[in-house]
C-alpha cells in the first residue's frame, strides 16, 4: 500500500497529475502480471495495462475508499482483461461436468503431494495455463498474489461463497489435468 | 480457506515478463494528455452551462419586469397573480443564481490560469 494513499488521490484529483506516477510505479507490474496471465499475450497485456491506468486516472476523483486502492485497481484490470478475452473469443480446454463431479474431495487433496516434485510442479504450471481466463485470474489472485477470499470476491464482483466454490472447482480441474498428463 | 501449497508453487513458476523500463514514462505522457483533454472538456461544458443559465436569467428578468420589446414576441403573458409571485420569489432566486454563476466563472478563471502555468512549465 502507498504511504498516505488518500492524500495522494486527493491531490491527483485536484490537478497534480504528475503525482499519478507514484501509483503507476507502485502497481504497474502487479497489474501487468494479472493481465498477462488472463490474456496470455505480452503485447495485448502491455496495451491493456496502459488502458487500465488511463481508466484509473479518469475515475480517480470518483474513488470512494470503500475498498483499498489496489483492490479497486485490480477490479478495473480484471474487468478490462476479461472483456478483452470475451471479445477475442479465446478457446479453452473443456472438462466434462460429470468427470468433475466424480472427483472426490479426498482425491483432490492428493495434489498437495506434488508440492516437492519438480517435474509435477511444472506439469501443474502447464495445467494452470490451460484453465479458462476467469479461472486463471482467480489462481493468480488467490495463489500468486495471495489475496484473501474477500479481496478476490470484491475484485471479481462475486460473493465469497461463490469464490470458494470456484476455487474448489479449479482444484478439481487441475487434479484431472495432472492425472491426464501422467497417464 | 486453505491455500494449496502445490498450486501456489506452480503459480509462482509461470514466467511473467516485466514491463519495459520506459512504460511509466510513456504512461505519464498519455495521462498528462488525457488530463488536458478532460480539463478542456470540463471548461467547455461549464461555459455552455453558464451561458444557458445566463440566458435563462435574462429571460426570467424580462418576464418578471414585463419588459415589452417591440420586436421580440416572447409569447408568454403573465396574469397579475403570477406576476406578483415572480416578483416575490424571482428576484432573490435570480440573485442567488447570478452569484453561483459568478462563482463558477471565478473558479474557471483560476483553473485556466493553473492550466496555462502547467503548459508553460
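The values are calculated or read from the model by the stated rules, or taken from the named source; none is laboratory data. This one's a predicted model, so the numbers in the text were calculated from it and none came from an experiment. Cβ: placed from backbone, ideal geometry, glycine included. Neighbour counts: every protein chain shown.
Test residue A:135 against the stated conditions and say whether it is outside the structural domain of residue A:42 (by TED's automatic domain parsing) and outside any helix (DSSP H, G or I).
In short, no.
Could you tell me which numbered condition residue A:147 fails, if it satisfies all but one of (1) within 25 Å of residue A:81 (Cβ to Cβ); (2) assigned to a helix (DSSP H, G or I)?
(2)
Is it the case that residue B:41 is out of contact with any strand residue (DSSP E or B) (no Cβ under 6 Å at 6 or more places or on another chain) and either more than 10 Å from chain A (Cβ to nearest Cβ) or modelled with pLDDT under 85 (or both)?
When the stated conditions are applied, residue B:41 passes them.
Sort through B:64, B:51 and tell me the only one that's over 25 Å from residue A:51 (Cα atoms), more than 14 Å from chain A (Cβ to nearest Cβ) and surrounded by 12 or more Cβ atoms within 10 Å (Cβ to Cβ).
B:64
Residues to consider are A:94, A:119; find the one that is without any contact (Cβ under 8 Å) to a residue 12 or more places away in the chain and part of a loop (DSSP other than H, G, I, E, B).
A:94
With the condition kept exactly as written, say whether any residue in the range A:86-105 is within 14 Å of another protein chain (Cβ to nearest Cβ) and surrounded by fewer than 10 Cβ atoms within 10 Å (Cβ to Cβ).
The answer is yes; a qualifying residue exists.
If you go through the range A:106-142, how many residues are farther than 23 Å from residue A:77 by Cα and more than 11 Å from chain B (Cβ to nearest Cβ)?
Going through the range A:106-142 one residue at a time, the tally reaches 3.
Could you list, ordered by first residue, the pairs with Cβ atoms under 7 Å in which the first is in the range A:143-170 and more than 9 Å from every other protein chain (Cβ to nearest Cβ) and the second is surrounded by fewer than 17 Cβ atoms within 10 Å (Cβ to Cβ) and not in a helix (DSSP H, G or I), at least 6 apart or interchain?
That search, which allows pairs on different chains as well, returns A:153/A:159; A:154/A:67.
Go through the range B:4-37 residue by residue and tally those that are surrounded by 11 or more Cβ atoms within 10 Å (Cβ to Cβ) and at the interface with chain A (Cβ under 7 Å from one of its Cβ atoms).
Counting residues in the range B:4-37 that are surrounded by 11 or more Cβ atoms within 10 Å (Cβ to Cβ) and at the interface with chain A (Cβ under 7 Å from one of its Cβ atoms) gives 23.
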